[in-house]
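First the structure, in the form of structure tokens, and then the observations on it.
Bear in mind these aren't lab numbers, they're just calculated from the coordinates by the rules spelled out. Keep in mind that what you see is a predicted model, and the values were worked out from it rather than measured.
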Amino acid sequence: MAHAPRIPDDMTVEVALSLMAGAQVDHLVLCDGDDQSTGLVTLARLSVLRDAPTYTDRVRLRDLPEG
């Protein structure tokens, strides 16, 4: 199983989805400005978010609601 890439939390959802596809992973490790892990984001969660009527391509991972 591939290790999840560590990514900055200011990345957009669209870029994160693209990165997941390229890396063939189903989750990413979110990091803050000090490269400290702040959580995980999953492909399933981002896919649901992208399908929501309020979604825009400017949504950043740090702005995702907890869940």
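Values computed for the structure shown
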quantity: Relative contact order computed over the stretch 17-67 (Cα-Cα under 8 Å; 6+ residues apart), in percent; calculated: 23 percent
quantity: Theoretical gain in end-to-end length, Arg45 to Leu19 [0.36 nm per residue, Cα-Cα removed]; calculated: 7.9 nm
quantity: Residue-wise HN-Hα coupling along the stretch 37-42, computed from phi with Karplus coefficients 6.51, -1.76, 1.60 (Hz; x: Gly, Pro); calculated: 4, 10, x, 10, 10, 9
quantity: Other-chain or far-sequence residues with amide H under 5 Å of Val25's (modelled H); calculated: none
